[in-house]
1. With springs only between Cα atoms under 10 Å apart, run a GNM on the chain and tell me which of SER160, SER217, SER142 wobbles the most.
2. Based on other C-beta atoms within 10 Å, arrange LEU252, LEU13 from fewest to most.
3. Using alpha carbons only, how many angstrom separate the centre of segment 84-162 from the centre of segment 1-19?
4. Which value in nm describes the separation of the simple spin-label points at ALA90 and ARG23, placed 7 Å from the Cα toward the beta carbon?
5. Tell me, in nm to one decimal, what length is gained between GLN70 and ASP7 on full extension, where the rule is 0.36 nm per residue of separation less the Cα-Cα distance?
6. Calculate how many DSSP beta bridges within segment 6-258 are antiparallel, expressed in % of all such bridges and rounded to the nearest 5.
7. Evaluate the distance, in nm, between pseudo-label points positioned 7 Å from the Cα of LEU14 and of GLN98 along their respective Cα→Cβ axes.
8. For segment 179-256, what does the equivalent ellipsoid look like in terms of its semi-axes, each the square root of 5 times an eigenvalue of the Cα gyration tensor, given largest first in whole Å?
Amino acid sequence: MAITDIDSCATELLACEEERRDRGPITEEWSGLDQASAYAVQDEVLRRKVAAGQRVIGVKLGLTSRAKQQRMNVHAPLTGWLTDAMVLQAGVPVPQDQLIHPRAEPEIVFVLGADLVGPGVTAATAMAAVDMVYAGVEIIDSRYRDFRFTLPDVIADNASSAKFILGGVGRRPEELDLMMEACLLEVNGAIVDSATGGAVQGHPAEALALAANDLASRGLRLEAGWIVLTGGMTDAVFTTPGTNVGAHFTSLGSIAVRG
């Protein structure tokens with residue numbers, strides 16, 4: 001199928017997800033895929049998923065840490081959507097039969113107690129809207145071969161969304177020093193990476209503000225009760241069958257992921 005517009009791009013990305021099929025970057029085929037049209041593709045994919053019965057439960061940020069930007073050679077953050085179909089309960093293995101090449105990355109997660117409406121949202125006003133803070137592990141799964149893409153490609157692909165696990169320890173934001181909240185990433189018993197919340201845009205609240213202001217530019221808002229994944233603190237690690245991944249946080253507990 002030739003990809004020449006928003007509709008055909010959304011159709012192709014949904015087909016790749018449903019068929020567990022990867023492909024080359026869409027920008028190599030459709031030169032008109034810029035950031036604005038990529039977000040339109042993202043929104044069209046969401047519209048079709050909601051029409052099929054999924055429910056919007058929040059947003060995710062991608063490429064908010066320098067480690068992830070350097071790894072993916074894309075040097076700007078982006079936002080994507082979360083639906084209830086993306087929730088993976090703690091202890092449930094990564095659904096390999098649904099995914100292409102899943103990877104896991106640890107994140108700081110906000111649950112909002114109030115709407116957050118841009119533009120002009122600052123880190124301070126963003127944190128005032130947060131009800132609870134959790135640890136999280138996102139399972140990302142790009143529809144692009146070898147995770148090779150440009151910024152418009154990954155925006156259209158909903159920031160490589162797949163699944164996420166929410167930790168069991170919730171804390172009020174005033175109880176935490178989120179810039180210094182540390183995470184150790186473990187694979188099969190060995191620590192492979194570490195970071196603090198400061199790796200995420202300098203402070204996870206900056207990522208939350210970025211999400212609110214980005215949505216405002218599209219006439220949208222963050223809503224009370226929504227979950228916000230603030231972006232991977234470390235580089236992501238593959239979750240192949242038999243791989244055990246652990247994310248151990250200073251104050252937010254630990255999350256175990258089975259490949």
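All of the numbers you see were taken from the coordinates with simple rules; none came from a lab. For clarity, every value in this text was computed on a predicted model and none was experimentally measured. FYI the Cβ positions are ideal-geometry reconstructions off the backbone, even for glycines, and counts take in every protein chain you see.
1. Answer for the Gaussian network model of the chain: SER217.
2. Working: LEU252 26, LEU13 23.
Arranged by neighbour count, lowest to highest, LEU252, LEU13 become LEU13, LEU252.
3. Spelled out, the Cα-based centre of one part sits 21 Å from the other.
4. 3.9 nm
5. 19.6 nm
6. Beta bridges within segment 6-258, antiparallel portion: roughly 90 percent.
7. Placing both labels 7 Å beyond Cα along the Cβ direction yields 1.8 nm.
8. Result for segment 179-256: semi-axes of 28, 14, 11 Å.
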